[in-house]
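Just below is one structure, and these are the notes that go with it.
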């Protein structure tokens, strides 16, 4: 630690500019005037400001930086942090030397007054001035020579009063190596080329190559035979000379090295609430059962949104969809929406404060976050995206801590256990008793009533108070006027054909008058992109191939598709298929088809026989003859025998010939 005095000659540095003390203004604030040594521009500051900037390292006192001694080597003084860091005997020696210097300064002597200094030392009569010095438990009564004391005073004055200048130089002296330089260079070479590999060979194996190289050097008479050896401890010291990060980087790769030697300097730089929202997913470590029938459903996935400034949970979403765009968008919609309707009737003690669109979303490198759809969502919300580096979870620490701490509030029944040695964990499917609805209600209470009032042991603050105070200082947050655009962006899409009956997706038909007009305007059947929400099959969005706009088309079976998800729809179809399989309907259908084919084959054989008798085929055969009940005689198809007809039989009586007179109607009557 150095000192400085506000006097003529004081020079401080701020960045690349150097300021020289000029004068002190005689006022109550003790204003100091500094002058730039290059431009001569003045600068004023108070004495308190100068000291505060020096302590904060914003200003550097030039005369206090590594003062040099007027020695032949001209090496800088080896500064120490505190006197407690050095050995007791060296600390006692510094105290003894400083006592002599203080004694002579009080006598009004300087380092050039040799005779006066010698007289003052003789006057002490071998006693240490001002204090009793103890070294290794025994008083040090040795009397230093005049030249030695003058050297102490010179070093003290040139160092600006640094006690490190009085340290015995033998304290920092290192013994010279006794190993031959060629041996050391050979060891460093094989450590660099052989030991620092990702195959991670042991150091003992590296020593074998070093020994072989040293034997070759000794045989070539490049080093003495006696020096051609190296111990394992020396080789270990050479390996420790390498920077630990560089060593792990060479032996284990960048991922391991960056994770092992990670550090944080400035933190996350979140100056206020709603500046950064951290988003992440995880699988809940509890198996839940169905609210309807009690069957195990599995482990759902939870997506959490946390404010980086306060650690307050702003939104979450639980589903069986896995990690993806749908889960992320659903969690974001919860985070930016007011929570009054969501928390009403849930028995919560605290309000859910978070709502509004933040400035930035902090995410990891999941595929859903790097997708163009998620970038479009961020642009629609006018929010920035910040991607953390690969395998750097500490860059979004609040959401990681939240996902790790909420596990304490999960029920024990149905929890998934980590495998342990000599322990057979219980099957969570057998112990699961918590329904999916109960899990959602419990986590809502944990995120609103428990986590926000947990005391931060570092700052002794509550996330609830910190977020509430931050919201009170901000302008009212922005809210979206519509989320339909976001639903369209992240919805699942497929290419389907639009016909007169509308659109058929997953065996469900969608149609509307607007879609009928669009189909008529195209004058033909066309294929287009259809987007649907897997969580709600009551509608789809059909893209107009001309304008690229989207048309909302409802389902033609609303009583079935309302609040129906794609997973439920497919489960219902699988269940019905299972019932049909149990009734053996597919087998009966196949048997009926085979019987029909066999009947056609038999009829083909008999038809070939009947084809030869053309008269019988012309006998007026109809389906009435085929379906005639048995026992009823069938009229013969053979025509009766012909006979000659006389002329008299062909004459028709006159009264049987009708008269074709003109008809007329008078007054509606026939005449």
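The values are calculated or read from the model by the stated rules, or taken from the named source; none is laboratory data. Quick caveat: nothing in here was measured; it's all calculated off a predicted structure. Note that each Cβ is placed from the backbone with ideal geometry, even for glycine, and that neighbours are counted across all protein chains shown.
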Q: Run residue 455 past the list (1) part of a loop (DSSP other than H, G, I, E, B); (2) under 26 Å from the mean Cα position of the chain (by Cα); (3) surrounded by 12 or more Cβ atoms within 10 Å (Cβ to Cβ) and report the number of the one that doesn't hold.
A: (3)
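Which residues, counting only those in segment 494-508, are exposed (fewer than 14 other Cβ atoms within 10 Å of the Cβ) and at negative phi?
Once the filter is applied, which keeps residues that are exposed (fewer than 14 other Cβ atoms within 10 Å of the Cβ) and at negative phi, segment 494-508 yields 494, 495, 497, 499, 500, 501.
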Q.
Condition check: modelled with pLDDT of 90 or more and surrounded by 12 or more Cβ atoms within 10 Å (Cβ to Cβ). Does residue 442 satisfy that?
A. yes
Q.
Conditions first: (1) crowded, with 19+ Cβ neighbours inside 10 Å; (2) within 22 Å of residue 445 (Cα to Cα). Residue 358 passes all but one, so which condition is the exception?
A. (2)
Q) Of all residues in segment 370-398 being under 9 Å from the mean Cα position of the chain (by Cα) and in a helix (DSSP H, G or I), which is farthest from residue 477 (Cα to Cα)? A) 393
Q: Could you list all residues from segment 495-509 that are under 24 Å from residue 326 (Cβ atoms), in contact (Cβ under 8 Å) with a residue 24 or more places away in the chain and out of contact with any helix residue (DSSP H, G or I) (no Cβ under 9 Å at 6 or more places or on another chain)?
A: 495, 496, 505, 509
**Q.** Answer residue from segment 254-284, given it is at pLDDT 90 or above and part of a loop (DSSP other than H, G, I, E, B) and is nearest to residue 334 (Cα to Cα) among those
**A.** 274
Q: List the number of the failed condition for residue 409; all other conditions in (1) assigned by TED's automatic domain parsing to the domain that holds residue 532; (2) in contact with a helix residue (DSSP H, G or I) (Cβ under 6 Å, 6 or more places away or on another chain); (3) exposed (fewer than 14 other Cβ atoms within 10 Å of the Cβ) hold.
A: (1)
Q: Considering (1) surrounded by fewer than 17 Cβ atoms within 10 Å (Cβ to Cβ); (2) in contact with a strand residue (DSSP E or B) (Cβ under 9 Å, 6 or more places away or on another chain), say which one residue 470 fails and leave the rest.
A: (1)
Q. Looking at residue 580, is it part of a strand (DSSP E or B), touching a helix residue (DSSP H, G or I) at 6+ places or on another chain (Cβ under 9 Å) and farther than 16 Å from residue 516 by Cα?
A. no
Q | residue 294 being surrounded by fewer than 16 Cβ atoms within 10 Å (Cβ to Cβ) and assigned by TED's automatic domain parsing to the domain that holds residue 400 | A | yes
**Q.** Residue check for residue 528: more than 30 Å from residue 371 (Cα to Cα) and touching a residue at least 24 places away in the same chain (Cβ under 8 Å)
**A.** no
Q: Name the single residue, out of those in segment 414-437 being touching a residue at least 12 places away in the same chain (Cβ under 8 Å) and assigned to a helix (DSSP H, G or I), that is surrounded by the fewest Cβ atoms within 10 Å (Cβ to Cβ).
A: 437
Q: Could you please find all residues in segment 25-39 being over 18 Å from residue 62 (Cα atoms) and loosely packed, with under 14 Cβ neighbours inside 10 Å?
A: 25, 26, 27, 28, 29, 39
Q) Residues in segment 218-236: is at least one over 30 Å from residue 330 (Cα atoms), part of a helix (DSSP H, G or I) and in contact (Cβ under 8 Å) with a residue 40 or more places away in the chain? A) yes
